[in-house]
1. Touching a residue at least 24 places away in the same chain (Cβ under 8 Å), part of a helix (DSSP H, G or I) and under 24 Å from residue 68 (Cα atoms): does that describe residue 210?
2. Can you tell me which of 53, 58, 7, 48 is without any contact (Cβ under 8 Å) to a residue 12 or more places away in the chain and within 19 Å of residue 185 (Cα to Cα)?
3. Being more than 17 Å from the chain's Cα centre (by Cα) and either at pLDDT 95 or above or at negative phi (or both) narrows it down to one residue among 67, 76; which is it?
4. Is one or more of the residues making up the range 181-192 assigned to a helix (DSSP H, G or I), over 18 Å from residue 68 (Cα atoms) and in contact with a helix residue (DSSP H, G or I) (Cβ under 7 Å, 6 or more places away or on another chain)?
5. Could you look through the range 148-178, keep only residues that are free of Cβ contacts under 8 Å to residues at least 40 places away in the same chain and under 24 Å from residue 63 (Cα atoms), and pick out the one that is surrounded by the fewest Cβ atoms within 10 Å (Cβ to Cβ)?
6. Restricting to the range 127-164, count the residues that are assigned to a helix (DSSP H, G or I) and either within 18 Å of the chain's Cα centre (by Cα) or under 25 Å from residue 70 (Cβ atoms) (or both).
């Protein structure tokens, strides 16, 4: 096991394209839902336990060796908003480029051939974790952390929020991240017996709605 690879995969400097996306917080800032550190914590916590849980479980299942094409279809079924499906595949393409450079593996090459327009990013990340000899739980942690750190970093730029406050938000959510990662890994372990129906399907309808609205903005700071 190469646990140090987890630090590389979860590092914000890993060139997977996430820096261009706000994880929905740009729309939340525009609507006034997120306006300070306290409301940012509420937003990140809600995102982590819904879409973050789903994404973490998909990544954990991919890291466990489950069929990535079946997982990609499951991701589509759990992403009702067309704008978010496009974002997930766009990020998946960038993640695929970075992962193949960092951890070359036949599984990544095959998925790139099978999904030339991009697979969902959590599925690609899970395969990257597998190629890096990480565990399904590691993959779940990487995706869960990304689902909170991305919006927190974006909020610093959008609100001129003190970076120390944004970091405190992430620290306060450490227990939630532990819980979500454990649940995701447990669900992924059941996929072998139960199929992709074992994966969580938690939803965040407001994120879906604001994502569609955000995609139509003529001027925006982030791509999503």
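The values are calculated or read from the model by the stated rules, or taken from the named source; none is laboratory data. The structure presented is a predicted model; accordingly, all values stated were derived computationally and were not measured. Glycine also receives a Cβ, built like all others from the backbone with ideal geometry; neighbour counts cover every protein chain displayed.
1. Values: touching a residue at least 24 places away in the same chain (Cβ under 8 Å): yes; part of a helix (DSSP H, G or I): yes; under 24 Å from residue 68 (Cα atoms): no.
For residue 210, the condition - touching a residue at least 24 places away in the same chain (Cβ under 8 Å), part of a helix (DSSP H, G or I) and under 24 Å from residue 68 (Cα atoms) - is not met.
2. 7
3. On the way: 76 fails: more than 17 Å from the chain's Cα centre (by Cα).
Exactly one of 67, 76 is more than 17 Å from the chain's Cα centre (by Cα) and either at pLDDT 95 or above or at negative phi (or both), namely 67.
4. Scanning the range 181-192, I find at least one residue that is assigned to a helix (DSSP H, G or I), over 18 Å from residue 68 (Cα atoms) and in contact with a helix residue (DSSP H, G or I) (Cβ under 7 Å, 6 or more places away or on another chain), so the answer is yes.
5. 175
6. Counting residues in the range 127-164 that are assigned to a helix (DSSP H, G or I) and either within 18 Å of the chain's Cα centre (by Cα) or under 25 Å from residue 70 (Cβ atoms) (or both) gives 25.
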